1. Given charges of +1 on the Cβ of Lys and Arg and -1 on the Cβ of Asp and Glu, with all other atoms neutral, how large is the dipole of segment 55-156 about its Cα centre, in debye to the nearest 20?
2. Can you tell me the dipole magnitude for segment 249-289 around its Cα centre, using point charges on the Cβ only (Lys, Arg +1; Asp, Glu -1), in Debye to the nearest 20?
3. What ranking do 190-196, 44-50, 74-80 get when scored by the average of other Cβ atoms within 10 Å per residue, highest first?
4. Using only Cα atoms and rounding to the nearest 10 degrees, what angle (0 to 90) does helix 250-260 make with the longest principal axis of the chain?
5. Which ordering of ASP239, ASP222, ASP171 is given by a fewest-first count of other beta-carbon atoms within 10 Å?
6. If you find the alpha carbon centre of segment 44-104 and of segment 156-179, how far apart are they in angstrom?
7. Please report the projected area of segment 249-289's Cα convex hull averaged over all directions, in nm².
8. Output ³J(HN,Hα) for segment 238-248: one whole-Hz value per residue in order, computed from phi by the Karplus curve 6.51 cos²θ - 1.76 cosθ + 1.60 with θ = phi - 60°, and x for Gly and Pro.
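Rule-based calculations on the coordinates, nothing more; no lab input. Only a predicted model underlies this, so the values are computations on that prediction, with no experimental measurement involved. Quick reminder, even Gly has a Cβ in these numbers, built from the backbone with ideal geometry, and neighbours come from all protein chains shown.
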Amino acid sequence: MAFIELKNVSVIYKEGTPLEAMALENISLSICENEFIGIIGSTGAGKSTLVQLLNGLIEPSRGKVLVEGTDLSLMKGQDIKKVRQKIGLVFQYPENQVFEESIAQDIAFGPRNLGLDDDEIHARVVHAMDFVGLDYETFKDRSPFELSGGQIRRVAIAGVLAMKPQVLVLDEPTAGMDPRGRMDILDGIAKIHRDLKITVILISHNMEDVARLASRILVMKDGRLALEGSPNEVFSTGDQLNSLGLNLPAITQLLNELNRRGLNIQTNLFTVEGAETEILHLIRRKQNA
């Protein structure tokens, strides 16, 4: 059974008014345990609205959202809080998620609200900080607002991890970051998925990031699920992606250009690592020719 299911879900903002707008239209999909889902689409495609449905932050106008087989619309009070504990969301601008005076206090906020004892809270904070690469003794008393962009995003992720979720949802976690900081965050996300065995759902505008990390990709367009499949299946449909306002990963575009210039090179590769291997093979073939 899928951990999360959406059945014919639509979200209509300001329904019945002159400002009515369809944010999502008739979305049906299933998300299983330990999947790594990438969600891509142009601005306004409905990506953020989609993930806010998953833990009940917003309710569908039509259809059902099921978590472990239970309809979220039937959950109230403590039941919906338990769902939000299981499905943790890191927003696009994580600086809006931190508010306590120190990093340790901020990460401890969620576990403390669960009513855990001080020893368990401390253990969770230390473990979460260690997992995202923030040394506890070095950072525990520092203000979150003194940190770099990459560090504050790590604090936001640690705050969610301290709740021990079964699903981690990240909305553009590397937006505006320099290449080194972006890779550090993405490597950390890959480690979370690999070592903690939890489902990760990543929204990103960066095709290379999604191609490298995700096992399944959802492509959104105008509030609809336009395309889904493995990275190979999705990025093999270059013309269709272009029609949806998206591009192939830059490395794939480079391979296509090399092929057009007469190099006999494989083009259905979507990560730098895969392209590097193929180019080295090409060089060796030419040296041995």
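1. That gives a dipole near 660 debye.
2. Numbers: 5 positive and 4 negative charges, 53 e Å.
For this selection, approximately 260 debye.
3. On the way: 190-196: 14.7, 44-50: 21.3, 74-80: 11.0.
With the highest mean Cβ count within 10 Å placed first, the list reads 44-50, 190-196, 74-80.
4. Here the helix axis deviates by roughly 10 degrees.
5. The order, fewest Cβ neighbours first, is ASP239, ASP222, ASP171.
6. Here the two parts' Cα centres lie 13 Å apart.
7. Details: hull surface 10.2 nm².
The number I arrive at for segment 249-289 is 2.6 nm².
8. Karplus values, whole Hz, x for Gly and Pro: x, 5, 5, 4, 4, 5, 8, x, 10, 10, 5.
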